[in-house]
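Trainee: Got a structure here, written out as structure tokens. Questions coming.
The values are calculated or read from the model by the stated rules, or taken from the named source; none is laboratory data. From a predicted model like this one, the values you see are computed outputs, not experimental measurements. We place every Cβ from the backbone using ideal geometry, glycine too, and count neighbours over all the protein chains shown.
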Amino acid sequence: MKSRVEIGRVIKIISNRYTVKLENKSVIASPRGKLRLVGNIYAGDMVKVVYERGSAIIDEVLPRKNSLTRPNVSNLDTVLIVIATEPTPDLILVDKILLNAYQQGIKPVLVFNKCDMLANSEIENIIAPYKKHIDTAIISAENKVGLEQLIPYVENKVVCLAGQSAVGKTSLMNALLDLNLATDGLAKKGNRGKSTTRHIEMYEALGGIIADTCGFNIMTLVDIEPEELIFYYDEFIPLQSSCKFKSCTHTIEPDCAVKKALENKELDQGRYDRYVHIYQELKELRRKLYD
């Protein structure tokens, strides 16, 4: 007699226990064989579940359309990149998440939370380098201000919240879904975020699914060559043809149109500096790979 097979989505992972949302119910399942390796199954994965001796077994992970790692989540339509006044925005992390989103075909949206803690002009200074190229929203999850801006990005979508710990991702989940998930503030030492979310869990929201994560304090760089990085910066692409060298990386080359635009204050210096930082990281990764 063949085992009954059902297909569902992994919506919660704690240790080696996987909650799978099936058509009419949720089950806690264990992975089979080689799938037991840590990290082989992501939240958001579509999986085949079979039943053996009364237990649900994940028998197969279906192909992913995309994924983010550390923490691992897959099959996304949108990533809401949450920053706030406190902790101080880690914009290199923002740019790395953007890079991953572009490479994986996930729509990024930059969300500035805790807007009541900073003047509008100061918020605009932080998000201005991004506004021309990606969608942005200014909200207060605690006071439920501006949440309507997020509806088009969440409705009928599979969404992940990403960003530093303590920027208010869980508070945003509570505000959007009328939940009461535990939240925490900043660690006293160093003004860094304390992570309250210890696992990844997905919740139904506005006809779709939204994932709360345990924070992307470190973001793994995508597997691209350093010279390919230029194609992920929309503000650089129109200037590329004006550079002296067609393969200009906008770092050490002479007669670079991007650096001229920087001198004329047509581009944001901080965004460019972070580009160079990521470019150097990619070069170092390549050096270690081939040394």
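Trainee: Identify, by number, the condition in (1) modelled with pLDDT under 95; (2) within 17 Å of Thr78 (Cβ to Cβ); (3) among the polar types (S, T, N, Q) that Thr136 doesn't meet.
Mentor: So the condition that Thr136 fails would be (1).
Trainee: Which pairs turn up if I take residues in the range 248-274 that are surrounded by fewer than 17 Cβ atoms within 10 Å (Cβ to Cβ) and look for partners that are not in a helix (DSSP H, G or I) with beta carbon separation below 6 Å, at least 6 apart in sequence or on another chain?
Mentor: Once the first residue is surrounded by fewer than 17 Cβ atoms within 10 Å (Cβ to Cβ) and sits in the range 248-274, its partners that are not in a helix (DSSP H, G or I) give Glu253/Phe245; Asp255/Lys244.
Trainee: Of these, Tyr42, Tyr51, which one is out of contact with any helix residue (DSSP H, G or I) (no Cβ under 7 Å at 6 or more places or on another chain) and surrounded by fewer than 16 Cβ atoms within 10 Å (Cβ to Cβ)?
Mentor: Tyr51
Trainee: Among the residues of the range 154-172, what is the count of those that are modelled with pLDDT under 85 and farther than 13 Å from Ile83 by Cα?
Mentor: Number of matching residues: 0.
Trainee: Looking for whichever is assigned to a strand (DSSP E or B) and closer than 30 Å to His277 by Cα here; the options are Ile57, Ile81. Which one fits?
Mentor: Ile81
Trainee: What number of residues within the range 11-31 are touching a residue at least 12 places away in the same chain (Cβ under 8 Å) and not in a strand (DSSP E or B)?
Mentor: 3
Trainee: So, in the range 60-78, of the ones that are in a loop (DSSP other than H, G, I, E, B) and either touching a His at 6+ places or on another chain (Cβ under 6 Å) or of a type in the set (A, V, I, L, M) (or both), which residue ends up surrounded by the fewest Cβ atoms within 10 Å (Cβ to Cβ)?
Mentor: Top of the filtered list is Leu62.
Trainee: Looking at Val82, Val94, Val109, can you tell me which residue is in contact with an Asp or Glu (Cβ under 7 Å, 6 or more places away or on another chain) and in contact (Cβ under 8 Å) with a residue 12 or more places away in the chain?
Mentor: The unique qualifying residue is Val109.
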